[in-house]
Amino acid sequence: MTSTILLLGDHVSSSLSPGFQHAAFMALGIDCTYVAREVPPAGLAAVIDEIRADARILGANITIPHKETVIPLLDDLDPLARRVGAVNTISRQGTRLKGWNTDVEGFLRALDEQFPSPAGEGGQGGGRHIAIIGAGGAARAVAAALQPTAERIWVIARHPDQARRLCADLDIVRGGPVGMDNMRETVAGADLVVNATPTDLPPGDWLRADQRLFDLRSRRSAEGRAMLLYQGAASFEIWTGRPAPLLVMRTTLERSAQSVSA
């Protein structure tokens, strides 16, 4: 019996995830398909009920705009997902659905790979002033990943209440919420700028040569694809209980990204 993993979100038809997840299942001889499904906010509860009722659906990945709103629809949360306040992976345990967050691991592994810290800087995020643009589920994962070691974290958002809630939930007291009107001056004070929005932010001419930009959009940046790869590999291991074939996944992802940009 063929099993299924779903990708639930908005504008997921162009996602790079199905290609490399399918390649991973094939490499390990697992009879499973990975299907992207466009789900509007009003339809999320019904799809979660469908997953719970159908044992052939092993789980799901969750993306914009559902990473926070899916939480009350689930039966259990991994402690990290609970702390972050965002879910990007669902697994099933019988008829119970459990939420996980693999974005934190994905971001940290990608950060270490793409922007390795020089010796003596304290490791990932160590000694950095961080400006995160966005305050949704992905921004929450980034903030949670960097909060233990960053000196200051500013969360720049169009909706100040959303940024304040993120900072309060994750105990960010050095830095804090910032409105879009103050984005340029905040970015200027950061060593690392993370774009956790679907738009082109910040403008390229705002950045100095000594600053680093981590753009989470997998179609636009190598670091975004690295995060997609590592969070996807962690999700794969949750669903299957087997080590992810990372080389196969990486090769397929890069090939897909090149064909899109060609």
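The values are calculated or read from the model by the stated rules, or taken from the named source; none is laboratory data. Remember, it's a predicted structure, so these values are computed and weren't measured experimentally. When we count neighbours, we look across all protein chains shown, and the Cβ atoms used for this are built from the backbone with ideal geometry, even at glycine. Protein only, heavy atoms only, side chains kept; ligands, DNA and RNA dropped before computing areas. Shrake-Rupley method; radii C 1.70, N 1.55, O 1.52, S 1.80 Å.
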### Task
State all residues of region 53-100 that are open to solvent by 10 Å² or more (accessible area, probe 1.4 Å), touching a strand residue (DSSP E or B) at 6+ places or on another chain (Cβ under 8 Å), within 20 Å of Leu216 (Cβ to Cβ) and assigned to a loop (DSSP other than H, G, I, E, B); if no residue qualifies, say none.
Thr63, Ile64, Pro65
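Could we say that Glu105 is among the acidic types (Asp, Glu), open to solvent by 70 Å² or more (accessible area, probe 1.4 Å) and at negative phi here?
Working: among the acidic types (Asp, Glu): yes; open to solvent by 70 Å² or more (accessible area, probe 1.4 Å): yes; at negative phi: yes.
It is true that Glu105 is among the acidic types (Asp, Glu), open to solvent by 70 Å² or more (accessible area, probe 1.4 Å) and at negative phi.
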### Message
Here are the criteria: (1) of a type outside the set (A, V, I, L, M); (2) assigned to a loop (DSSP other than H, G, I, E, B); (3) in contact (Cβ under 8 Å) with a residue 24 or more places away in the chain. Tell me which single one Asp210 does not satisfy.
### Response
(3)
### Query
Could you count how many residues in region 169-187 are under 20 Å from the mean Cα position of the chain (by Cα) and assigned to a helix (DSSP H, G or I)?
1
### Message
I'd like to know if region 232-250 contains one or more residues that are surrounded by fewer than 18 Cβ atoms within 10 Å (Cβ to Cβ), in a helix (DSSP H, G or I) and touching a Pro at 6+ places or on another chain (Cβ under 9 Å).
### Response
yes
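Matching residues to (1) more than 17 Å from Arg82 (Cα to Cα); (2) in contact with a Lys or Arg (Cβ under 6 Å, 6 or more places away or on another chain); (3) assigned to a strand (DSSP E or B):
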position: Ile132; (1), (2), (3): yes, no, yes
position: Ala135; (1), (2), (3): no, no, no
position: Ala138; (1), (2), (3): no, no, no
position: Val142; (1), (2), (3): no, no, no
position: Ala145; (1), (2), (3): no, no, no
position: Ala150; (1), (2), (3): yes, yes, no
position: Ile153; (1), (2), (3): yes, no, yes
position: Ile156; (1), (2), (3): yes, no, yes
position: Arg164; (1), (2), (3): yes, no, no
### Task
Select from region 1-48 the residues that are touching a strand residue (DSSP E or B) at 6+ places or on another chain (Cβ under 6 Å) and among the aromatic types (Phe, Trp, Tyr) and write down the one among them that is surrounded by the fewest Cβ atoms within 10 Å (Cβ to Cβ).
Phe25
### Message
So, Ala42, is that one assigned to a helix (DSSP H, G or I) and of a type in the set (A, V, I, L, M, F, W, C) or not?
### Response
yes
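Report whether or not Ala190 is more than 22 Å from Thr69 (Cβ to Cβ) and touching a strand residue (DSSP E or B) at 6+ places or on another chain (Cβ under 8 Å).
Yes, satisfied.
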#### Entry: Options Asp205, Asp200; residue that is among the charged types (D, E, K, R) and either at pLDDT 95 or above or in a loop (DSSP other than H, G, I, E, B) (or both)
Asp200
